[in-house]
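Written below as structure tokens is the structure these notes are about.
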Amino acid sequence: MHTIYRGSGGSGKTTELLKKYHSIAKNNGTEDILVFLSSAQNVRNFRENINLMTAGNLNIYTYFGFVNSEIKKHWPLLEENIKDDRSVIEPTFMTIETSHFLMSNYVEKFRSKKNFFKNIKAKSVQIAVQLIDNLNLAAFNLLSLDDLKNRLIYSTNGDMEKKKYIEESLEIMEIFRAFCIKYRLLDYSLSVSLFNNNMLKNKDYYSFLEKNYKHILVDDLEKMVPSGQKFIKKIIDMGTDGYLTYNEHGGFNRFFGGNPQLSKKLFLEDAESIIDLENNFTSPAESDNLEQEIKSVIEMGKKKFVESPLFKGEIDSELRGDMLIKLGRKIIFLIEQGVKAEDIAVISPQIDKVLLFSLNHILEKHGYKLNNLNKSKKLVDIPFARALVILYLFYKNRTEMIGISALQQTFSLLLELDPVRSSLLAEEIAAAGMRLIDLDDKNIREKIGFAGSERYDYLKKWLKEKENEELEIEHFFQAVFSQLLSPLNPSREDIFACKQMIESVARFREAVSNFHMQNDDLSGRYIDMIYEGTLAADTLFLEEEKKERIILSTPYKFLFSPETDGVEYMFLIDISSENWLRSIAKELVNPYIFTDQWKIKKEWNDKIDQNIRRRQLSDFLINLVNKVNNGIIFTDSFLNSMGWEQDGPLYKWIMVRRENNEV
């Protein structure tokens, strides 16, 4: 039996779930409670908010975290079902970056040797992402590789060129999957497939689940992938008590794996009770009717435009640059009126360089910064992690990859030099063929200063000594951190980045050692991966860093970010941009073909595409509205940053009342 807490975003569903967890745990302990949350940050937040006198194990996971944990604990059950001569005690769990690296290698190999994807302009790494998306979506929807093949080929509608590209994609995906199984390398798709197709069919494991879990709590049910929803249903059908939260309009990630229709079918129809949470703690009463208004106009086309007292104004300009200047001024005005910077969000369908530069330029003049939720921070951009890489390149004599700016910043850190002196030293080393020079030969010892010169001489000597030790890359990183970086009082982020670098290179070696046999080649490919930005820095959620920063984000990132409970004011910008209605389909992947709707009709055309775009936009806007407390301000320009006219339909669907139009 299960209970549903139903409500919009900001209605207190997660709070109710946390209360229920405390209630059960106080009486029965925590050991037999299984909790699923939608992100790793939500898992951390939930754990931090648990307040119990005593607690046992906390079984709180994302669905994917749980799957990997169970596979690791019960690997022998899976190993015995893999029919080959190899056997391992434990599989290797690949990071997203490592799986992308492997798939990119296959794509590049087949492009160069067999002329695959001849007329597709996308880079190999972009094609690799689409192929991995196909494997993931198939696994999330419990489809076999044969099912995936049939759907992909059927979706080409007889277009022979598309069919050829799909067949090429399938050949690479099958080789990639066979390689991963052979060497027990588990990415998301393989982990989910093994868990559902093997572990859940094992009687011993089924008995284990039945014995160990008496309660299951799930937040954001509609965002859960279908394989996760069906697993939850199995647990509840065992007789486990279920407490689940559901948002009727939370389907904005339906084409990233979520399936709100399935959750409605599986759980709402036979729920023991449905508790409707009608209050909203992040938006005012004016937004109550907006949900239906938005659906009526954008999704159903029954009305011409949406209007609301929550719409406080519109900023219009012919040129986008002028619009962004006015936007910046309006943000400053709101802050001067007492609105906190972190209570203002700028939502754009696309975060481009012009938007980022213009807003940063205006805001920083007044002492404010942006909190760019879409920023994917490269690991190599963090100073201490960058120092590890720069020194390794000197150690391996691969200095042609080093830029003067990166070298200057590394010298500023390691030698504690000011920017002028570190730039001087970096330029001299670059002029010498990017090799470490003798300061006396170049007559720059006095210019750098005694202390800096002494540190440089020590660094040069240290690297020379390490040349004789033939260290593996992870051991070299450990030596650099312990002997050179740790005395420099690294911050939490610095320590975290270095730890991630050291751990990731070890995982990378383990995962791809069967793909590239030479250690030097492995290390070189790892460094390439870092410089290409494939290896991103894990996010450290530091609350103090977010204060006094205006949020900048795309709709999806904003809605899926655990750090954004709600804001006072929201700017929806570029409302005549076509990017508000982007298609979900790409050259080689179309999430729609994995849905139940496609299974029924088996067709894809422009009408379906346009309906999906409108539905996705409707879901985005409904959820954004529920995150705003005081008002929404729209911005628009006749021309975009390239000087082209904009004619997207969103601006036609929004009506801002004239009396509220003064900004």
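The values are calculated or read from the model by the stated rules, or taken from the named source; none is laboratory data. Bear in mind that the values here come from a model prediction, so they are computed numbers and not experimental data. Because the Cβ atoms are built from the backbone with ideal geometry, glycine has one as well, and the counts that use them run over all protein chains shown.
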Test: residue in the stretch 151-162 that is under 22 Å from His100 (Cα atoms) and in contact (Cβ under 8 Å) with a residue 24 or more places away in the chain: yes
Single residue of the stretch 211-248 satisfying the filter (of a type in the set (Asp, Glu) and surrounded by fewer than 22 Cβ atoms within 10 Å (Cβ to Cβ)) that is modelled with the lowest pLDDT: Glu248
Test: residue in the stretch 402-420 that is under 26 Å from Leu356 (Cβ atoms), modelled with pLDDT under 90, of a type in the set (S, T, N, Q) and crowded, with 16+ Cβ neighbours inside 10 Å: no
Among (1) surrounded by 15 or more Cβ atoms within 10 Å (Cβ to Cβ); (2) modelled with pLDDT of 85 or more; (3) out of contact with any Phe, Trp or Tyr (no Cβ under 6 Å at 6 or more places or on another chain), the one test that Ile527 misses: (2)
Selected residue [within 30 Å of Glu428 (Cβ to Cβ), exposed (fewer than 13 other Cβ atoms within 10 Å of the Cβ) and either small (Gly, Ala, Ser) or more than 33 Å from the chain's Cα centre (by Cα) (or both)] from Ser453, Ser491, Ser482: Ser482
Residues (within 14 Å of Arg549 (Cα to Cα), small (Gly, Ala, Ser) and surrounded by fewer than 18 Cβ atoms within 10 Å (Cβ to Cβ)) located in the stretch 340-389: Gly367
When residues of the stretch 36-58 are limited to those that are in contact (Cβ under 8 Å) with a residue 40 or more places away in the chain and surrounded by fewer than 17 Cβ atoms within 10 Å (Cβ to Cβ), the one nearest to the chain's Cα centre (by Cα): Ser39
Among residues of the stretch 59-89, those that are acidic (Asp, Glu), surrounded by fewer than 18 Cβ atoms within 10 Å (Cβ to Cβ) and either modelled with pLDDT of 90 or more or not in a loop (DSSP other than H, G, I, E, B) (or both), counted: 1
Search result, residues across the stretch 412-433 that are closer than 18 Å to Trp462 by Cβ and either in contact (Cβ under 8 Å) with a residue 24 or more places away in the chain or assigned to a loop (DSSP other than H, G, I, E, B) (or both): Leu413, Leu414, Leu415, Glu416, Leu417, Leu425
Unmet criterion (only one of (1) over 30 Å from Tyr183 (Cβ atoms); (2) outside any helix (DSSP H, G or I)) for Leu463: (2)
Output for the stretch 1-35, where each listed residue is of a type in the set (Lys, Arg) and either more than 29 Å from the chain's Cα centre (by Cα) or part of a helix (DSSP H, G or I) (or both): Lys13, Lys19, Lys20, Lys26
Number of the exception - Gly65 against (1) more than 30 Å from Leu624 (Cβ to Cβ); (2) without any contact (Cβ under 8 Å) to a residue 40 or more places away in the chain: (1)
Number of positions in the stretch 295-350 that are among the aromatic types (Phe, Trp, Tyr) and either without any contact (Cβ under 8 Å) to a residue 60 or more places away in the chain or over 28 Å from His366 (Cα atoms) (or both): 2
Test: residue in the stretch 313-325 that is farther than 18 Å from Ser577 by Cβ and either modelled with pLDDT under 90 or not hydrophobic (A, V, I, L, M, F, W, C) (or both): yes
Candidate set: the stretch 280-291, residues that are under 16 Å from His249 (Cβ atoms) and part of a loop (DSSP other than H, G, I, E, B); chosen: the one modelled with the highest pLDDT: Asn289
Residue satisfying condition, being at pLDDT 85 or above, over 19 Å from Pro383 (Cβ atoms) and over 22 Å from the mean Cα position of the chain (by Cα), within set Glu548, Glu469, Glu510: Glu469
Cross-chain or 6+ apart pairs with Cβ under 6 Å, the stretch 169-198 first and under 25 Å from Lys113 (Cβ atoms), then among the basic types (Lys, Arg) and crowded, with 17+ Cβ neighbours inside 10 Å: Leu170/Lys149
Number of the condition not met by Ala271 [criteria: (1) surrounded by fewer than 16 Cβ atoms within 10 Å (Cβ to Cβ); (2) not assigned by TED's automatic domain parsing to the domain that holds Arg614]: (1)
Given (1) modelled with pLDDT of 95 or more; (2) out of contact with any Asp or Glu (no Cβ under 8 Å at 6 or more places or on another chain), number of the condition Val43 does not satisfy: (1)
Those helices (runs of 4 or more DSSP H) lying entirely in the stretch 307-396 with at least 3 residues under 27 Å from the mean Cα position of the chain (by Cα): 353-364, 383-395
Subset of the stretch 199-242 (residues that are among the small types (Gly, Ala, Ser) and touching a residue at least 40 places away in the same chain (Cβ under 8 Å)): Ser227, Gly228, Gly242
